[in-house]
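Novice: Have a look at the structure that comes next, please.
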């Protein structure tokens, strides 16, 4: 499911919630998840791109099909 659609579905369900405890729990989860978010610098961004390109060049990749097979083992 597309993440934007999932967000809209959650918002729609949240609007219908009338239990303050549920709202407080959701608010707490969101606060905790945003505490560890720090923006990436432009240098870090370019370094990650370079690392990914090096991984591809050196064959350090997993195909989509292989990844799906691996997931089935979980």
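The values are calculated or read from the model by the stated rules, or taken from the named source; none is laboratory data. Treat the numbers as computed from the prediction; the structure is a model and nothing was measured. Cβ: placed from backbone, ideal geometry, glycine included. Neighbour counts: every protein chain shown.
Novice: Select the helices (runs of 4 or more DSSP H) contained entirely in the stretch 9-74, then report the ones holding at least 1 residues which are at pLDDT 95 or above and within 20 Å of the chain's Cα centre (by Cα).
Specialist: Those helices (runs of 4 or more DSSP H) span 42-57.
Novice: Another question about this same structure. Starting from the stretch 26-37, keep only residues that are in the same structural domain as residue 14 (by TED's automatic domain parsing) and surrounded by 10 or more Cβ atoms within 10 Å (Cβ to Cβ), then list their pairs with residues that are part of a loop (DSSP other than H, G, I, E, B) and at pLDDT 80 or above whose Cβ atoms are within a distance under 9 Å, requiring at least 6 positions of separation or different chains.
Specialist: Once the first residue is in the same structural domain as residue 14 (by TED's automatic domain parsing) and surrounded by 10 or more Cβ atoms within 10 Å (Cβ to Cβ) and sits in the stretch 26-37, its partners that are part of a loop (DSSP other than H, G, I, E, B) and at pLDDT 80 or above give 26/17.
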